[in-house]
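In what follows, a single structure is set out as structure tokens and then discussed.
The values are calculated or read from the model by the stated rules, or taken from the named source; none is laboratory data. From a predicted model like this one, the values you see are computed outputs, not experimental measurements. Every residue, glycine among them, receives a Cβ derived from its backbone with ideal geometry; neighbour counts consider all protein chains shown. These accessible areas exclude ligands, DNA and RNA; they are computed on the full protein's heavy atoms, side chains included. Shrake-Rupley method; radii C 1.70, N 1.55, O 1.52, S 1.80 Å.
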Amino acid sequence: MTTPSFKTDIIPIFAKYVDDMKDIPVASSSGTRRLQLDDYECVKSFAQIIQFSIHGYDYLPRTNPPQLREGARPLPKPGGKPGEYVTYVAHPMPDNPGGWAVELVRLPQEAIDLYDAWVAAGMPA
Amino acid sequence: MIVNYALSASLLLAGASEVAAQVTAPAITPGTTPPAAREVRLRKNVDDLSPQELAAFEHAFQRMKEISQANIYDRKGFIWNAWIHNCNAVTVLDSRNAPLPGDGLKKLLASATLDSCEPRNFATIPASAKKHTESPGECEHRKNIFLQWHRAQLYFYEQALRSSDPEGKYGPSTRDVTLPYWNFTARPSGKRYPKAFENPNSPLYDATRFQDPLPSSLPTASPYLLAYLIYYQDWATFGGDQLGGIGQGNLETRIHNYMHNDYMGGKMQDNTKAALDPIFYVFHNFLDYSLEKWIEEHGAAAIPAGSAHDDYLRAQQDGSLLKPIGFEEGNSDPKNPAWGNYTVNMGRPALYFDTKKQGFAFTGKKNEFVPKSEIAALMAKHQAAGFEFGDNPVSLMTALLSYGSNTAMAKPDIKLSGKYRIPAQALTPANGTARLRFSRAGVKSDYSFSADVYLYPEGTPENIGSTDFRNRYLVANTSHWGLSHNHPDSGIELNENVTAIINSLVPKKAGENWQITVAIRGSKGGKVDINDFSAPFITIIAPN
């Protein structure tokens, strides 16, 4: 598998969400910016927040304890031990104002995997 | 309006007697970082304001409203400052000038439902006029920067109050106004709120709030619960955890949420409208005082490094207001010169940990907070060393809540139950903590609710209607504030550390099955759907 690039692989993932997010200011430890999902520097700046958000639907709701959705590959918990994953995200993305079934809204697993691979590769342009 | 501040060279210590700010030092150029030492001005309980101080405070609010009436986009005005909390995007005329004449502001403030983030709802915005979008805010909730964001907001708001009429051209000088706080864990001086906020002729009044007098002789929010959170909880539990962690902090859920939803109501029930009610600022100022008490107890170094220190706080403030020492905007959106003089954010949270450095402190009034010794005594009585949960007819949580009228509910709307087997060995810091959890799935329209959680032996019938049952087995309670502009599919979780309780059961109850029941009620008669909730459970979280 070739190393994913922002231009070739990441822009298409977020293309249809660019307009929704372009006026929303997001904060990170480097600054505050309106989230431009088609801008390399912006996405790189908020890479972790975005990664958490797109993993926000990994676990099935109302499960006790949290159960992983079929086919999902969970996000390891930062600073956690092997086998510890992020099970709770305050703001999963994409947004779902229509209240559609999560399966219709969640990014395809291939897109989430591609994004994870891009982050792991150091976020090449 | 250009504001010149004169700063005293002497530093006042927090906890000292309340001394009015007398200033003698040279003026500074607006918008620049002033010299390192600032005079510390003390924030008082709103009921302790002198008549002159109250008059100046009211006048400052009135002037900020008038500034907005002259131009809703003026960043030192009441409306823009409300947008800083309420709105992440607003339509702005390219001219950046839109007056709100006549009864326009009055009509806006009379409504608890009008969406002020869309100026076309209350102001004349010609369809043909050129416009753009700006981002005044928005508030941060359900994060580990919830408290820091509001602290920064109040810092700038205090500056805006002072700048509203420092020369006293239209009324009392506002130069020395400090933002007071409302201690809502004490009986209010008015029927339901501080007296100053119940005068219909005052600019502090808001008719959309709940108006009925308190039914109880107790305050609604328990001062003992607040003190317990301050003295005995770490940052993640008190103020919120980092991304991927346990979520929002207990000061937000246990105290703040219920007050917005169920106590104040009106515009205060909606996060996109709340800051249009003047009581918002004195309410949040007491939460900020609570943050300060936590920092006094634990030290700012106990706030973990990372986002709680460093995530820049989003808001567009007027560039002429006095900025905090050390202010910088990081690598952020470039400024648009056509948009005037403004900041793109409020800087980093860590700037605000040392309030005296930034020129403000709280009065340190006696008895404003329950002393730690009293909480320790309560813990010794209800959760003494060697205690076994369930043996004491009054659990610690029940005892803490009993000093307020917001106690466990006898008639919840729904209940869900789960089981837990008491482990064979006690938990230690080396092998983990026991966390009680339940969750609500994301829903199309986020709704507010309160929840009480009980832990009891499997053979004991669940009897939440019984005072004895509630008193004995209550382990936790929480309040969820449904947010507008919230991502509808974001679920919520209660995540409560019950290690001490579980460990108390190990010696004699190891291997036994216990029941966990969560009792939930919608806020102010609002509906809850049992299908949205998971059953409660206890899980062991391994240490990092």
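Of the residues that make up segment B:462-485, is at least one part of a strand (DSSP E or B) and more than 29 Å from A:LYS77 (Cβ to Cβ)?
yes
For first residues located in segment B:173-198 and under 13 Å from B:VAL282 (Cα atoms), partners that are of a type in the set (Asp, Glu) and part of a helix (DSSP H, G or I) and lie 6+ apart or on another chain with Cβ distances below 6 Å form the pairs B:LEU179/B:GLU158; B:PRO194/B:ASP47. Looking across segment A:68-84, just one residue is within 11 Å of another protein chain (Cβ to nearest Cβ) and outside any loop (DSSP other than H, G, I, E, B), and that is A:PRO76.
Looking across segment B:386-414, the residues that are of a type in the set (S, T, N, Q) and either crowded, with 20+ Cβ neighbours inside 10 Å or closer than 22 Å to B:ILE520 by Cβ (or both) come down to B:SER395, B:THR398, B:SER402, B:SER405, B:ASN406, B:THR407. With respect to the conditions (1) assigned to a helix (DSSP H, G or I); (2) within 14 Å of another protein chain (Cβ to nearest Cβ), B:HIS132 lacks only one, and its number is (1). For the structure I just gave you, tell me whether A:PRO65 is surrounded by fewer than 16 Cβ atoms within 10 Å (Cβ to Cβ) and facing chain B (nearest Cβ under 10 Å). Yes; evaluated as a whole, the condition is true for this residue. The C-beta contact set for segment B:302-330 (first residue within 14 Å of another protein chain (Cβ to nearest Cβ) and more than 30 Å from B:TYR232 (Cβ to Cβ), second residue crowded, with 20+ Cβ neighbours inside 10 Å and aliphatic (A, V, I, L, M), distance under 6 angstrom, 6+ apart or interchain) comprises B:TYR312/A:ALA27; B:ARG314/A:ALA27; B:ALA315/B:ILE84; B:ALA315/B:MET346; B:GLU329/B:VAL344.
If the condition is being within 14 Å of chain A (Cβ to nearest Cβ) and open to solvent by 10 Å² or more (accessible area, probe 1.4 Å), then segment B:63-116 contributes B:ASN88, B:ALA89, B:THR91.
Residue count for segment B:233-270 under the criterion of being assigned to a loop (DSSP other than H, G, I, E, B) and either among the acidic types (Asp, Glu) or within 14 Å of chain A (Cβ to nearest Cβ) (or both): the result is 12. Against the conditions (1) over 15 Å from the mean Cα position of the chain (by Cα); (2) more than 22 Å from B:GLU140 (Cβ to Cβ); (3) of a type in the set (Asp, Glu), A:ASP23 satisfies every one except (2). Looking at B:ARG120, is it touching a Phe, Trp or Tyr at 6+ places or on another chain (Cβ under 7 Å) and either among the basic types (Lys, Arg) or modelled with pLDDT under 95 (or both)? Here the answer is no, as B:ARG120 does not meet what is asked. Do we find that B:ASN431 is within 14 Å of chain A (Cβ to nearest Cβ) and surrounded by fewer than 19 Cβ atoms within 10 Å (Cβ to Cβ) in this structure? When the stated conditions are applied, B:ASN431 passes them. Among the residues of this structure, B:GLY347 counts as one that is touching a residue at least 40 places away in the same chain (Cβ under 8 Å), assigned to a loop (DSSP other than H, G, I, E, B) and within 14 Å of chain A (Cβ to nearest Cβ). The numbered conditions (1) modelled with pLDDT under 95; (2) touching a His at 6+ places or on another chain (Cβ under 9 Å) are all true for B:ASN367 except (2). Within segment B:91-116, the set of residues being within 18 Å of B:THR272 (Cβ to Cβ) and not basic (Lys, Arg) comprises B:THR91, B:VAL92, B:LEU105, B:LEU108, B:LEU109, B:ALA110, B:SER111, B:ALA112, B:THR113, B:LEU114, B:ASP115, B:SER116. Among the residues that make up segment B:167-183, is at least one of them in a helix (DSSP H, G or I) and in contact with a Ser or Thr (Cβ under 6 Å, 6 or more places away or on another chain)? So far as segment B:167-183 goes, no, none of its residues is in a helix (DSSP H, G or I) and in contact with a Ser or Thr (Cβ under 6 Å, 6 or more places away or on another chain).
Scanning segment B:519-544 for residues that are open to solvent by less than 30 Å² (accessible area, probe 1.4 Å) and within 11 Å of chain A (Cβ to nearest Cβ) returns B:ASP532, B:PHE533, B:SER534, B:ALA535, B:PRO536, B:PHE537, B:ILE538.
Checking each residue in segment A:14-35 for being of a type outside the set (Asp, Glu), within 16 Å of B:HIS132 (Cα to Cα) and more than 7 Å from chain B (Cβ to nearest Cβ) picks out A:MET21, A:LYS22. Would it be correct to say that B:ASN341 is open to solvent by 40 Å² or more (accessible area, probe 1.4 Å), in contact with a helix residue (DSSP H, G or I) (Cβ under 7 Å, 6 or more places away or on another chain) and at pLDDT 95 or above? So B:ASN341 does not fit the description; no. In segment B:313-330, what residues are open to solvent by 10 Å² or more (accessible area, probe 1.4 Å) and closer than 19 Å to B:PHE146 by Cβ? Residue satisfying the conditions is B:ARG314 alone.
Out of the residues in segment A:93-114 that are in a loop (DSSP other than H, G, I, E, B) and crowded, with 18+ Cβ neighbours inside 10 Å, state the one that is farthest from the other protein chains (Cβ to nearest Cβ). Walk me through how you get there before you give the answer.
Filtering segment A:93-114 down to residues in a loop (DSSP other than H, G, I, E, B) leaves A:93-101, A:106-108.
With crowded, with 18+ Cβ neighbours inside 10 Å added as a condition, the list becomes A:93-96, A:106-107.
On the way: A:MET93: 7, A:PRO94: 9, A:ASP95: 5, A:ASN96: 4, A:ARG106: 9, A:LEU107: 13 Å.
Looking at the filtered set, the residue picked out is A:LEU107.
Contact map, segment B:140-160: first residue over 27 Å from B:GLU58 (Cβ atoms) and open to solvent by 10 Å² or more (accessible area, probe 1.4 Å), second residue in a loop (DSSP other than H, G, I, E, B) and hydrophobic (A, V, I, L, M, F, W, C), Cβ cut-off under 6 Å, separation 6 or more or different chains; pairs are B:ARG142/A:ALA90.
A residue that is more than 23 Å from B:ILE492 (Cβ to Cβ) and among the hydrophobic types (A, V, I, L, M, F, W, C) occurs somewhere in segment B:455-476.
With respect to A:THR8, determine if the residue is farther than 27 Å from B:TYR312 by Cα and either in contact with a helix residue (DSSP H, G or I) (Cβ under 7 Å, 6 or more places away or on another chain) or more than 14 Å from every other protein chain (Cβ to nearest Cβ) (or both). Working first, answer last.
Values: farther than 27 Å from B:TYR312 by Cα: yes; either in contact with a helix residue (DSSP H, G or I) (Cβ under 7 Å, 6 or more places away or on another chain) or more than 14 Å from every other protein chain (Cβ to nearest Cβ) (or both): yes.
Answer is yes for this residue.
When A:ASP58 is tested against (1) closer than 24 Å to B:ASP241 by Cα; (2) open to solvent by 30 Å² or more (accessible area, probe 1.4 Å); (3) acidic (Asp, Glu), only condition (2) is not met.
Within segment B:190-210, the set of residues being of a type in the set (A, V, I, L, M, F, W, C), in a loop (DSSP other than H, G, I, E, B) and surrounded by 20 or more Cβ atoms within 10 Å (Cβ to Cβ) comprises B:LEU204 only. Within segment A:36-55, being open to solvent by 20 Å² or more (accessible area, probe 1.4 Å) and at the interface with chain B (Cβ under 10 Å from one of its Cβ atoms) holds for A:GLN36, A:GLU41, A:SER45, A:GLN48, A:ILE49, A:GLN51.
Look at (1) open to solvent by 10 Å² or more (accessible area, probe 1.4 Å); (2) in contact (Cβ under 8 Å) with a residue 12 or more places away in the chain and you find that B:ALA227 fails only one, number (1). For segment B:505-518, filtering for residues that are away from chain A (no Cβ under 14 Å), surrounded by 20 or more Cβ atoms within 10 Å (Cβ to Cβ) and aliphatic (A, V, I, L, M) leaves 1.
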